[in-house]
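Supplied in structure tokens, the structure appears directly below.
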Amino acid sequence: MHNDTASVQNTHHIHDHEELTGDNSLHAIAVPDEERLDFWPQHFGTIPQWITLEPRIFGWMDRLCDDYYGGIWRYHTLSNGGAFMVPEAYDDSDGTWTLFNSMNGNGAELSSEAAGIVACLMAYSHHSMRTECDAMIEHYYSLRDYGLNHAECNGIMHLID
């Protein structure tokens with residue numbers, strides 16, 4: 001993790017939220033549109049080949065979901081320092097995604113957030129093995145911790161197993 005001004009401001013923003021709400025549980029925070037350009041370099045900029053992460057996440061979603069045809073993704077940070085992406089549901093869907101992992105034979109119907117968690121965890125895991133970068137490993141475990149506390153934990157964990 002690097003100590004640039006944006007990271008410090010983001011950390012202060014998280015702590016301000018916790019002080020205002022009294023909530024120190026692990027939670028996601030949507031990244032405002034005006035901060036999207038800084039998302040990748042701010043959170044992943046110290047990781048080798050970080051520029052390839054976003055298209056790899058798209059690739060994992062495409063591999064896991066027959067009904068995925070691209071689209072807009074929203075960025076989120078986590079109160080533990082993690083970060084991930086969430087695909088927006090298509091207009092004709094009910095907001096759920098049917099995912100199937102052919103490598104382990106597991107499938108689940110998940111919300112957009114849970115589907116994004118799965119696609120990101122798969123990409124983070126493979127990228128951490130490819131780069132052997134401690135910061136990438138930390139991103140994987142930060143998101144995994146969030147997934148373990150998610151309402152759709154069972155589906156998430158079965159898919160990434």
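Tell me, what % of the accessible area of the stretch 93-161 is carbon and sulfur with a 1.4 angstrom probe?
Its accessible area is 46 percent carbon and sulfur atoms.
Please give the residues of the stretch 132-161, grouped as numeric ranges, whose backbone N is less than 14 Å from a label point set 7 Å along the Cα-to-Cβ vector of Asn104.
The answer is 144-145, 147-148, 153-161.
What are the ³J(HN,Hα) values, in whole Hz, obtained from phi via the Karplus relation 6.51 cos²θ - 1.76 cosθ + 1.60 with θ = phi - 60°, for each residue of the stretch 149-159 in sequence order, with x given for Gly and Pro?
9, 7, 4, 9, 3, 4, x, 4, 5, 5, 6
Which whole-number value in Å² is the accessible area per residue of the stretch 15-134, probe 1.4 Å?
Values: 6230 Å² over 120 residues.
Using a 1.4 Å probe on heavy atoms only, each residue of the stretch 15-134 averages 52 Å².
Any chance you could look up the accessible area of Tyr140 with a 1.4 Å probe, heavy atoms only, rounded to 10 Å²?
Probe radius 1.4 Å; accessible area of Tyr140 about 40 Å².
The values are calculated or read from the model by the stated rules, or taken from the named source; none is laboratory data. Just so we're clear, the structure is a prediction, and the values are computed from it rather than from any experiment. Because the Cβ atoms are built from the backbone with ideal geometry, glycine has one as well, and the counts that use them run over all protein chains shown. Ligands, DNA and RNA are excluded from the accessible area calculation, which covers all protein heavy atoms including side chains. Shrake-Rupley method; radii C 1.70, N 1.55, O 1.52, S 1.80 Å.
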